[in-house]
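Notes for the one structure printed next.
Each reported figure results from applying straightforward, stated rules to the coordinates on display, with no laboratory input. Just so it is clear, the model here is predicted, and its values are computed rather than measured. Cβ placement follows ideal geometry from the backbone for every residue including glycine, while neighbour counts extend to all protein chains displayed.
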Amino acid sequence: MYWGEMRAGEALKFIQDPVPALKERGVDADDYSVQVNILNSEASAIPTQPICIVAMVFPNEKAAFITSYRHTQ
């Protein structure tokens, strides 16, 4: 499991194409099935607000489930 808080631009890149970001963290994700969920944020707000990313990686199943969320004030 990976957790991180990202700035707006970095988070948007991660959500749009998560495979390179997973590779940077040591996951050979080329053949993975990747599902991305966005919680507590509108898609239009992602480029302007920092968000948190949680990625659960299952190497045996070649799957990654990524959840992004924005902290509430």
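For this structure, a couple of remarks:
- Between E5 and E24, full extension at 0.36 nm per residue minus the direct alpha carbon distance yields a gain of 5.3 nm.
- Inter-site label distance for M56 and K13 at 7 Å from Cα along Cβ, in nm: 2.8 nm
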